[in-house]
Amino acid sequence: MEAEVDTHPQEEVGDRRLEDRDQLARSMRITHDDDSARRRATLEGVTLALTKPLVLGGHDVWPPVVLAPMAGITNVAFRRLCREQGGGVYVCEMITTRALVERIPRTLKMIRFAPDEEFRSLQLYGVDPEVTAAAVRMIAEENLADHVDLNFGCPVPKVTRRGGGAALPWRHRLFGRIVRGAVEAARPAGLPVTVKMRMGIDHDHLTYVEAGLIAQEAGVAAVALHARTAEQRYSGSADWDAIAALKQALDVPVLGNGDIWEASDALRMVEYTGADGVVVGRGCLGRPWLFADLSAAFAGRPAPALPALGEVAAVMSRHAHLLVAALADERHGCADFRKHVAWYLKGFPVGGDLRRDLAMVSSLGELDDLLGTLDAAEPFPVEALGRPRGRVNAPGRVSLPYGWLDSRDDDSVPAGAETEDSGG
Ligand SMILES: Cc1cc2nc3c(=O)[nH]c(=O)nc-3n(C[C@H](O)[C@H](O)[C@H](O)COP(=O)(O)O)c2cc1C
C-alpha cells in the first residue's frame, strides 16, 4: 500500500488553503436559522428511529451512514473532505480483484488511505470465486483495509453483457461461491465483508431477497441494497419498499441505498424501511458537507448552516488541492477536479463562461483566480435542495450473455466480465 501523500505540498501550491479551511470549519458549525427554514421544515415530523450504531465486525459505526463507493469520485481526497464533516464509513473507489492480485500498479495506487482513516473500507469487484478469495486474502495478509465490500450492482452494458455486475446474482450458486470465498478469506484477519447489490436484473428477474439470504448464510456483516433494478439504471425513484422487504427477510444489518438527497431523506428511509443504516452516493456530489448534515440529523441536532458561494468556493479549492496532492501531479489533479465543478455550482447564479472556464482548469492558480471572481456572499440556492444530482439516466434493456436467464444454476465463471469499467 502506498503511504498517504504528505499534505505539505498543498501549502506550497496555495496559501489560501489553510485560511479557507478554517473559515469553512467555522461556518459549518454555525447553527442555521433564517434561510434554513425549508430544511428544518423537512426534518420536522421525522422521528429518529435509530439509536444504536451500525456494527460491522468489531467496529461500531455512528452515525450509521456510509459514503457509497463511486468510481472516479471516492478517492482519498474526496473521502477526506467528507470524513472531516462527520462520522460514518467512507468506502474507497472500486478495485477489480484480478488487477489487485496481479498487482497492476495503477490499481495498487488506488488503494490509498490517509493515516487517520481508522476504518479503511475497500470495495472489490470480481466474478471469479478463486480470484476474489485471493484478493481478500491479499488484503487481509498485507493489512490493506479493515473492511471489504463486494460490488454486485453495476448496470453498465459492457459488464452485464458478460455476466458481471448486477447480472451476476442471477447465477445464485456462483454468487454464493464468491461471497463464501471472500468471507472465509477474510475470517483469519477478522475483516468484515459486506455485499452491495441491486434488486435484480429487472422486475421479472428480482434477486435481492435470495441473494441477501445467501450472503447472510455465507457470513457477511451486512447487506446494502441500491433499490433499483439493473434495467432501471439511475432512472425513476429507488423502491424503498424493497429495502423494507429485505430488512424483514434478513437478520444481518441491512443498509438502504437510493435517492438520499438530504439528511432528512436518510431519517425518512430509516423510519420507513427499518434499515440499520444508509448508503449515500450522488447526494454528496459537490456537497461533502452533507455528512455534517447527516451527523446532525442522526444526533437530533439542528442542521448546520448552508454554505454561501464563498464557502463553497473554499471547499472547491481545497478539493482540487487535495486531488493534486494525492495524485502528485497538478495537471492531472486539476483535470480530475473538473467533473466536480458543475455539482458544486448547481443552482448558483454563475454565468456560463465562468462555469466553462472552471470546468477546463489546468492549474491550481488558475482555479483559485477564477474562484476569486465569484460573489462570495451569494447565499446557497435552497431550490437546489432535495433535487437529484449526478447520474439520472434513462432505463435500458439489460444486455446479458446468450442464454443467461436460462442458466441460473450454472456456476461457471463468466469469461471477460472483469473490466476496469465496473462501477455501480
Ligand atoms: C459516478 C458513480 C460511480 C459509481 N461507482 C460505483 C462503484 O464503483 N461501486 C458501486 O457499488 N456503486 C457505484 N455507484 C453506485 C452508488 O454507489 C450508489 O449505489 C448509487 O449512486 C445509488 O445511490 P444514490 O441514490 O445515493 O446515488 C456509482 C454511482 C455513481 C453516480
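Brief remarks on what is shown
- Close pairs (6 angstrom Cβ cut-off, 6 or more residues apart or separate chains): loosely packed, with under 14 Cβ neighbours inside 10 Å in the stretch 323-334, at pLDDT 95 or above anywhere: ARG331/SER362
- Hey, ARG301 surrounded by fewer than 21 Cβ atoms within 10 Å (Cβ to Cβ), at pLDDT below 95 and either part of a helix (DSSP H, G or I) or out of contact with any Gly (no Cβ under 9 Å at 6 or more places or on another chain) (or both) or not: yes
- Matching option when the condition is within 16 Å of the ligand (Cβ to nearest atom), surrounded by 24 or more Cβ atoms within 10 Å (Cβ to Cβ) and charged (D, E, K, R), among ARG287, ARG268, ARG282: ARG287
- Any helices (runs of 4 or more DSSP H) falling wholly within the stretch 310-416 and containing at least 3 residues that are away from the ligand (no atom under 16 Å from the Cβ): 330-337, 352-358, 364-372
- All positions within the stretch 51-63 that are in contact (Cβ under 8 Å) with a residue 60 or more places away in the chain and within 14 Å of PRO192 (Cβ to Cβ): LEU54, VAL55, LEU56, GLY57, GLY58, HIS59, VAL61
- When VAL382 is tested against (1) under 28 Å from the mean Cα position of the chain (by Cα); (2) surrounded by 15 or more Cβ atoms within 10 Å (Cβ to Cβ), exactly one condition is not met: (2).
- Qualifying residue in the stretch 125-143 (condition: over 24 Å from ALA230 (Cα atoms), at pLDDT 95 or above and within 14 Å of the ligand (Cβ to nearest atom)): no
- Qualifying residue in the stretch 145-156 (condition: at pLDDT below 95, within 19 Å of the chain's Cα centre (by Cα) and on the phi > 0 side of the Ramachandran plot): no
- In the stretch 205-217, the residue that is farthest from GLU184 (Cα to Cα) out of those that are β-branched (Val, Ile, Thr) and not in a loop (DSSP other than H, G, I, E, B) is VAL209.
- Test for PRO155: is it buried (at least 24 other Cβ atoms within 10 Å of the Cβ) and out of contact with any Cys (no Cβ under 7 Å at 6 or more places or on another chain): yes
- Each residue in the stretch 218-268 was checked for being within 22 Å of GLY190 (Cα to Cα) and either acidic (Asp, Glu) or assigned to a strand (DSSP E or B) (or both), and 6 pass.
- Cross-chain or 6+ apart pairs with Cβ under 8 Å, the stretch 402-424 first and within 18 Å of MET197 (Cβ to Cβ), then at pLDDT 85 or above and among the hydroxyl-bearing types (Ser, Thr, Tyr): GLU418/THR96; GLU418/THR97; GLU418/TYR125; SER422/THR96; SER422/TYR125
- Tabulated pairs, the stretch 126-154, first touching a residue at least 12 places away in the same chain (Cβ under 8 Å) and over 28 Å from GLY258 (Cβ atoms), second within 15 Å of the ligand (Cβ to nearest atom) and assigned to a strand (DSSP E or B), C-beta under 8 angstrom, 6+ apart or interchain: LEU144/LEU122
- First in the stretch 221-234 and β-branched (Val, Ile, Thr), second anywhere and within 11 Å of the ligand (Cβ to nearest atom) and in a strand (DSSP E or B), Cβ under 9 Å, 6 or more apart: VAL223/THR194; VAL223/VAL195; VAL223/LYS196; VAL223/MET197; VAL223/LEU255; THR229/ARG198
- Any hit, the stretch 71-89, residues being more than 16 Å from the ligand (Cβ to nearest atom), in contact with a strand residue (DSSP E or B) (Cβ under 7 Å, 6 or more places away or on another chain) and part of a strand (DSSP E or B): no
- The single condition among (1) among the aliphatic types (A, V, I, L, M); (2) touching a His at 6+ places or on another chain (Cβ under 7 Å); (3) in a loop (DSSP other than H, G, I, E, B) that ALA145 does not meet is (2).
The values are calculated or read from the model by the stated rules, or taken from the named source; none is laboratory data. Since this is a predicted model, take the numbers as computed values, not measurements. So basically every Cβ, Gly included, is an ideal-geometry build from the backbone, and we count neighbours across all protein chains shown.
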